[in-house]
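Step one of this worksheet: look at the structure below.
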Amino acid sequence: MTTNPTLSTELGLTPDAIAQLRNNSFTVVDDFLPIDLANQLLSDTDNLNSNGHFKQHYFQFGGSALAKPFVYEMDLSALDGRMGDAMNNNLGSWKDMIDNIGPAFVMK
């Protein structure tokens, strides 16, 4: 995993948390997001949901596709313009998370 030391420090990611993320595919970071940002993300998520941008998540079981209750998804793979400017502009605070914070967690 490639991490940006400055960004990791800003986000409160200790070497132990990074190792846990690598080894267990998850970690818990207390106070990871400032409360104002968490509230803004929640508000933006509610806005995206009320405008129909989330789709029901389905999983394959046997020969059937079944809805996973209370789990929704949004395709973020086309944020390069193919998704459309309207959607890209409606991401709100999630746009910053996707562009600036997410790449710090990507394995290379």
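Figures for the structure shown
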item: Count of segment 30-71 residues which are surrounded by 11 or more Cβ atoms within 10 Å (Cβ to Cβ) and either closer than 16 Å to G92 by Cα or at pLDDT below 85 (or both); result: 17
item: Residue within segment 40-61 that is of a type in the set (A, V, I, L, M, F, W, C) and assigned to a strand (DSSP E or B) present; result: yes
item: Contacts under 9 angstrom Cβ, first residue in segment 58-70 being of a type in the set (G, A, S), partner open to solvent by 100 Å² or more (accessible area, probe 1.4 Å), 6 or more apart; result: A65/Y58; A67/Y58
item: Which numbered condition Q20 fails, given (1) assigned to a helix (DSSP H, G or I); (2) open to solvent by 90 Å² or more (accessible area, probe 1.4 Å); (3) of a type outside the set (S, T, Y); result: (2)
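The values are calculated or read from the model by the stated rules, or taken from the named source; none is laboratory data. From a predicted model like this one, the values you see are computed outputs, not experimental measurements. We place every Cβ from the backbone using ideal geometry, glycine too, and count neighbours over all the protein chains shown. For accessibility, only protein heavy atoms count, side chains too; no ligands or nucleic acids. Shrake-Rupley method; radii C 1.70, N 1.55, O 1.52, S 1.80 Å.
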